[in-house]
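Report on one structure; see the data block that follows.
The values are calculated or read from the model by the stated rules, or taken from the named source; none is laboratory data. Since this is a predicted model, take the numbers as computed values, not measurements. A quick note on method: Cβ atoms are made from the backbone with ideal geometry, for glycine too, and the neighbour counts reach across all protein chains shown. The protein model used for the area step is the full one, side chains on, heavy atoms only, and it has no ligands, DNA or RNA in it. Shrake-Rupley method; radii C 1.70, N 1.55, O 1.52, S 1.80 Å.
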Protein chains: 2
Amino acid sequence: MPASKTQKPAAPTAGARASKPPAAKPAELDFDLLPDLIGYQLRLTQLAIFGDFGSSLADQSISPGRFGVLVLIGANPGMTQSRLALATQLDRSTMVAVIDQLETRKLVERRAAPNDRRSNALWLTEDGKKLLRAMKRRVRSHEKHIAAALGDEDTARLIAMLARIREHLRPKRSDQA
Amino acid sequence: MPASKTQKPAAPTAGARASKPPAAKPAELDFDLLPDLIGYQLRLTQLAIFGDFGSSLADQSISPGRFGVLVLIGANPGMTQSRLALATQLDRSTMVAVIDQLETRKLVERRAAPNDRRSNALWLTEDGKKLLRAMKRRVRSHEKHIAAALGDEDTARLIAMLARIREHLRPKRSDQA
DNA sequence: GGGTATTGTTTGGTAGCCAAACTATACTAA
DNA sequence: TTAGTATAGTTTGGCTACCAAACAATACCC
């Protein structure tokens, strides 16, 4: 932004005030090929859903990702961090901070793994279980709200389509849903 | 990672969900309700697509988001940063860095806006146009590859479904595709 | 035993994003 | 004209989320 002010302000002094043409309306934006891109549509939709999801869980300040971690630990008590990292497609080093955070909040505990002293066995605390139950309820109701836009049948079809895309994209991969 | 299938309801036989055998083996992971969540599925699919997309554009080191910005500027030459921020759902302050980056790489230019000395009019440089053309080709072919997993008809249906979800979620909003 | 693989961790980096405060400019109305 | 207010871009500061390399402890295999 030029700080100089050497230029005269468009002299409104002259009475030439007659023609104020269409005033150059912003005009419609052209999104070109974007709306046809599946990745773009996915991003938009995910933004919308996560925004909604987030606001619905905001008071717990648990992000969708953290919720997923809690679910996995809840459903697979005693699992290790590495397995969890694999399942969530996060790096092991990332998972350290995630568990640190959840442990600080007293939602998750690291315990000794029975067979391997390198591993941490992850368990929900009572608080964690309680919070998870409450969040699951909300998530399910939130999900119902979304599914209402499509109907059960189309919702199932949508999920199947997404799975199909993934399978087609990455020939082989496992330990992930 | 021991692997298996793309995971399934996991619950070994319906209903039974109490016993916890002292699994000596990694055992199957239970993803619980996650696979039924649209948001979760979207995230997985987006990860897969963007990963693929990214690797296909890696040599240009242009992220999907940056690509979208280039497309918008290309299709709406002279548009301002604010409009662009609105269209991409980014903050205006975020857009500054984005444009800085693209300008440094000589793909985009900030020019004086004709009617408003506060605004920057954004234009692609020749390099920008060239790169955009090349990337569009790749993106389209990439898109074809994805669509091949579904077929044209289902692809269109998928996109329509996603749009429906968004509309249902956020009552109304404009300036976005 | 020795070699190698794996687990969790530390460290250091990146991308991407938002919010508040600020400057320059534009618009509006007294 | 002038004052008030709104807007465009920017700066600053922060935050989340992520990866990659290196490392110690432990496990596994021969």
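Some notes on this structure:
- Label points for residue A:141 are taken 7 Å from Cα along Cα→Cβ. From this copy to the others they lie 5.1 nm apart, shortest first.
- Label-point separation in nm, residue A:125 to residue B:101, each point 7 Å along Cα→Cβ: 3.8 nm
- Estimated FRET transfer efficiency (residue B:117, residue A:47; beta-carbon r; R0 56 Å; 0.05): 0.95
- Cα gyration tensor shape for segment B:35-169, rounded if a/c is under 1.5, else prolate or oblate: prolate
- Packing-based order for A:39-50, B:133-144, using average beta carbon neighbours within 10 Å, highest first: A:39-50, B:133-144
- Shown for residue B:78: label points 7 Å from Cα along the beta-carbon vector, and their distances to the equivalent points in the other copies, 7.0 nm in ascending order.
- Inter-chain Cβ neighbour average for residues B:153-165, partner chain, 10 Å: 6
- Taking all protein chains into account, the per residue accessible area for segment A:105-162 stands at 62 Å² (1.4 Å probe).
- Cα centroid separation, segment B:108-149 to segment A:78-111 (Å): 40 Å
- Residue mean of other protein chain beta carbons inside 10 Å, A:97-104: 0
- Buried area at the B:A interface is about 7000 square angstrom, summed over both chains, from accessible surfaces computed with a 1.4 angstrom probe.
- Remark: mean inter-chain Cβ contacts per residue of B:86-95 equal 1, using a 10 Å Cβ-Cβ cutoff to other protein chain atoms.
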